[in-house]
Amino acid sequence: MNNVANPPPRPDRWRPGWDLTVRRAGLLADLGLALVALGRSSRLLLESSGQVALSVPDERGPLAVAVVQDARGGWAYVWGAAARYPAGADGTRRAASALAAGTR
């Protein structure tokens with residue numbers, strides 16, 4: 001009988017790093033607060049996998065908003081088929097206004 005050591009566990013390639021999850025959650029919380037300022041509600045969803053999204057109620061059903069990072073390191077809110085707004089003070093307010101107006 002051979003004693004072969006098990007290989008070390010591989011990190012889950014679909015699980016983002018902690019710092020990435022914290023950054024995304026913070027940006028989505030900022031968007032949620034901007035929605036509250038406009039009289040809208042939302043729910044921050046945190047999965048055990050580290051994925052995070054903001055669920056925004058809409059007449060046609062909830063919208064799931066995610067935060068993505070582009071190749072240059074910039075952050076953006078995305079939802080629906082084509083909605084994309086840069087994250088940051090002005091972009092967050094514009095994204096909240098678009099969500100409140102029902103932009104899909």
*From the phi of every residue in region 92-104, what ³J(HN,Hα) in whole Hz does the Karplus formula 6.51 cos²θ - 1.76 cosθ + 1.60 yield, where θ is phi - 60° and glycine or proline is x?*
5, 5, 5, 5, 4, 4, 5, 5, 5, 7, x, 5, 10
*asked:* Under the rule of at least 5 residues apart or a separate chain, name every residue whose amide H is placed under 5 Å from the amide H of ARG104.
replied: none
*With θ set to phi - 60° and the Karplus curve 6.51 cos²θ - 1.76 cosθ + 1.60, what are the ³J(HN,Hα) couplings of region 54-65 in order, to the nearest whole Hz, using x for Gly and Pro?*
10, 9, 10, x, 9, 4, 8, x, x, 9, 9, 9
*Which order do the peptides 31-43, 61-73 take when ranked by the mean count of other beta-carbon atoms within 10 Å per residue, highest first?*
31-43, 61-73
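Any read-out appearing in this document is the output of simple, stated calculations on the displayed coordinates, not a laboratory observation. Predicted model, so just to flag it, every value in this text is computed and none were measured. Cβ atoms come from the backbone with ideal geometry, glycine included; neighbour counts cover every protein chain shown.
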